Structures are given as structure tokens and as C-alpha cells.
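Trainee: There's a structure below that I have some questions on.
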Amino acid sequence: MDVIASIQMALDITGKLRELSKKVQDADFSMLLSELTMQLADTKLEIANLKIELAKEREEKEGLAQRLANKESTKPTIDDGGYRFDGDDGLYCTACFDSQQKKIRLASAPSAFAGTFGTRRCPVCKNYA
């Protein structure tokens, strides 16, 4: 049985007890019953909040697992100063991929720098390859 369903059943029972307390007309009993009802309602609300938090944590865990699986499946090879990925003809920045797991395609370096630093340059981090 679900915890919230159990608490709801307890709240229903306190409602029946409240009806009985009208016949008994005992102030202490009525006060304790009211406190019990409030505690159960607070508990029900807290459990609902915990369920929402748990769902968020599970979603985050699944996202991280997916990112890890993607990272494992996209292992690059080094070629001509950059990374190459299976099924892709482009050459990518090693610094951007290693630090942020971002595939940034290298662009041709300006002719004044070609040969001095490398023939390709990352448009994001400005590294040469």
C-alpha cells in the first residue's frame, strides 16, 4: 500500500473519530484528535514533496547516466592535431572536447599563422591544431 494512501486512510479514520467525539463531548479528546489530524495532513504534504524531489533526483540520475553513455560511445581518435569521431569527417578541437565535452569543429587558420602554430584553429577557445 502506498504511504500517501495509508495516511489518507488515517485521515478518514480521524474524521470518523471526530464524529464520535461530538457524541462524547470530551475537550481533551477533541483537542488530541485535532492535533493528530494536523500532523497527518502535514505528513501527507511532506511525503508528496519527497516524492517530487525523488522524481527530480531520478531524472537527474538518468540524465547523468545518458551523458556518461554518450561520452563512452563517442571516444575520439587523434588525427592531425585534432579529434576525429566515428562516422564524422570533421576535425574537432581537443581542448574543448576534453574540458567541456563539446564537439567544436576546427576551422582553417589564417594564412599568416598557418605553419607557425598549425593549419587549423578552434573558433571558440582559439587553440591551434
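Trainee: Would you mind stating whether Ala107 is farther than 25 Å from Arg67 by Cα, under 35 Å from the mean Cα position of the chain (by Cα), surrounded by 12 or more Cβ atoms within 10 Å (Cβ to Cβ) and at pLDDT 80 or above?
Mentor: yes
One line per residue, one yes/no per condition, for (1) modelled with pLDDT of 90 or more; (2) more than 27 Å from the chain's Cα centre (by Cα); (3) outside the structural domain of Gln101 (by TED's automatic domain parsing):
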residue	(1), (2), (3)
Gln8	no, yes, yes
Leu11	no, yes, yes
Arg18	no, yes, yes
Ser21	no, yes, yes
Asp28	no, yes, yes
Thr43	no, no, yes
Asn49	yes, no, yes
Ala55	yes, no, yes
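Trainee: May I pose another question? Among the residues in the stretch 46-68, are any assigned to a loop (DSSP other than H, G, I, E, B), surrounded by 13 or more Cβ atoms within 10 Å (Cβ to Cβ) and on the phi < 0 side of the Ramachandran plot?
Mentor: no
Trainee: Oh, and also: With respect to Arg84, is the statement that it is farther than 16 Å from Gln8 by Cα and outside the structural domain of Lys103 (by TED's automatic domain parsing) true? Reasoning before the result, please.
Mentor: Details: farther than 16 Å from Gln8 by Cα: yes; outside the structural domain of Lys103 (by TED's automatic domain parsing): no.
The answer is no for Arg84.
Trainee: Let me ask you something else. Those residues that are modelled with pLDDT under 85, surrounded by 10 or more Cβ atoms within 10 Å (Cβ to Cβ) and among the basic types (Lys, Arg), I need them from the stretch 69-86; list them, please.
Mentor: Scanning the stretch 69-86 gives a single hit, Lys71.
The values are calculated or read from the model by the stated rules, or taken from the named source; none is laboratory data. Because the structure is predicted, anything quoted here is derived from the model rather than measured. All Cβ positions, even for glycine, are placed from backbone atoms using ideal geometry, and neighbour counts span all protein chains on display.
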